[in-house]
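The values are calculated or read from the model by the stated rules, or taken from the named source; none is laboratory data. Quick caveat, the model's predicted, so the values are computed rather than measured. With ideal geometry, Cβ positions are generated from the backbone for all residues, glycine too; neighbour counts draw on all protein chains shown.
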Amino acid sequence: MIQTGLVSVTFRKLPPDEIVRLVLQSGLQGIEWGGDVHVPHGDIKRAEEVFQNTLEAGLCVASYGSYYRVGNEANTPEFEQVLETALALHAPTIRVWAGDLGSDRAGADVWRMVIDDSRRIAGLAAEAGIDLAFEYHEQTLTDTSLSACRLLNEIDRANVLCYWQPPVELSRAARLQGLREILPWLSNLHVFNPSGAEPGILAEGVAEWSQYMDIVRNLPGDRFCLLEFVRGDSPLQFLEDAQALKKICSSAKDAGTG
């Protein structure tokens, strides 16, 4: 099943109750709550409150967007703190970051630290019934599909997955190929129109995203397509983008059952 939602850090300046209101108004289904502002790591009371507000609005907690850098010895916060917060939030997935160096700069020692720490925290998360999913992002070991696949193969844990988002610097053909390569580990998707230097209007990227959904729609399991990046940080633009996202995901569902 493909569900729709919002990444809360799209609107860092808005309080959680305002974000819940916006998502409810948009007709999307869930929220990935960020660990930097809206549900800070270790703030269990806030996590419980945000979960309750999300639930009462009829929405889902899609995931917990943490800022845990796997393999970083100076990590703040500690993963145990992140996990406790995710449990209070009832998040099925914790998003983490694959270190803090790009794959073209990371030596064997960095790879080993990220792999070892990933296995450690994967065990803790598995005991709690939670998945881990790497951010698919530059300046980490998941900055390319080739590097991400290597990392996930070497970690080799069933509850360690990876997000995907279209790398702005690549062609559409390269983006499509990268998505195909990451499919065995695909968790949620961060959705935005990747055209240009600033966030594009998603309605103008429906055709491109329909190609991505053609690849994703028949995968087993559940995942969220989560809106991230809105032009001008505008709630009104978000509401427009939400309609485009629902169109994208609805078309994928219809095609998948046809």
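List every residue pair whose Cβ atoms lie under 6 Å apart, where the two residues are 6 or more positions apart in sequence or sit on different chains, the first residue falls within the stretch 103-114 and is under 17 Å from SER145 (Cβ atoms), and the second residue, located anywhere, is in a helix (DSSP H, G or I) and at pLDDT 95 or above.
Short answer, once both residue conditions are applied: SER103/SER147.
Is there any pair with a first residue in the stretch 31-42 that is among the aromatic types (Phe, Trp, Tyr) and a second that is surrounded by fewer than 22 Cβ atoms within 10 Å (Cβ to Cβ) and not in a loop (DSSP other than H, G, I, E, B) whose Cβ atoms are under 8 Å apart and which are 6 or more apart or on different chains, and what are they?
Correct list of pairs: TRP33/PRO16.
Give the residue that is nearest to the chain's Cα centre (by Cα), with candidates limited to residues of the stretch 140-158 that are assigned to a loop (DSSP other than H, G, I, E, B) and surrounded by fewer than 16 Cβ atoms within 10 Å (Cβ to Cβ).
It comes out as ALA158.
Identify the single condition in (1) within 21 Å of ALA98 (Cβ to Cβ); (2) surrounded by 15 or more Cβ atoms within 10 Å (Cβ to Cβ); (3) touching a residue at least 24 places away in the same chain (Cβ under 8 Å) that LEU170 does not satisfy, given that it satisfies every other one.
Tallying (1) within 21 Å of ALA98 (Cβ to Cβ); (2) surrounded by 15 or more Cβ atoms within 10 Å (Cβ to Cβ); (3) touching a residue at least 24 places away in the same chain (Cβ under 8 Å), LEU170 fails exactly one: (3).
Could you say which residue among GLU32, GLU49 is surrounded by 16 or more Cβ atoms within 10 Å (Cβ to Cβ), under 19 Å from the mean Cα position of the chain (by Cα) and either at pLDDT 95 or above or over 28 Å from GLY99 (Cβ atoms) (or both)?
Going through GLU32, GLU49 in turn, the sole match is GLU32.
Within the set of pairs 6+ apart or on separate chains, which have a first residue in the stretch 80-96 that is free of Cβ contacts under 8 Å to residues at least 40 places away in the same chain, a second that is of a type in the set (A, V, I, L, M, F, W, C) and part of a helix (DSSP H, G or I), and C-beta atoms under 6 Å apart?
These pairs meet every condition: HIS90/PHE51; ILE94/ALA86.
Of all residues in the stretch 51-85, which are more than 26 Å from ARG119 (Cβ to Cβ), assigned to a helix (DSSP H, G or I) and touching a Gly at 6+ places or on another chain (Cβ under 9 Å)?
THR54
Every residue in the stretch 171-230 that is charged (D, E, K, R), in a loop (DSSP other than H, G, I, E, B) and touching a helix residue (DSSP H, G or I) at 6+ places or on another chain (Cβ under 8 Å), please.
GLU198, ARG217, GLU228
Can you work out which of the residues in the stretch 1-28 that are under 17 Å from the mean Cα position of the chain (by Cα), surrounded by fewer than 19 Cβ atoms within 10 Å (Cβ to Cβ) and in a loop (DSSP other than H, G, I, E, B) is modelled with the highest pLDDT?
Among residues in the stretch 1-28 that are under 17 Å from the mean Cα position of the chain (by Cα), surrounded by fewer than 19 Cβ atoms within 10 Å (Cβ to Cβ) and in a loop (DSSP other than H, G, I, E, B), the one modelled with the highest pLDDT is ARG12.
Taking GLU48 as the residue in question, decide whether it is without any contact (Cβ under 8 Å) to a residue 24 or more places away in the chain and not in a loop (DSSP other than H, G, I, E, B).
So GLU48 fails the test.
Hey, SER187 hits all of (1) small (Gly, Ala, Ser); (2) surrounded by 20 or more Cβ atoms within 10 Å (Cβ to Cβ); (3) without any contact (Cβ under 8 Å) to a residue 60 or more places away in the chain but one; which does it fall short on?
Single failed check for SER187: (3).
Yes or no: GLN25 of a type outside the set (D, E, K, R) and without any contact (Cβ under 8 Å) to a residue 12 or more places away in the chain?
no
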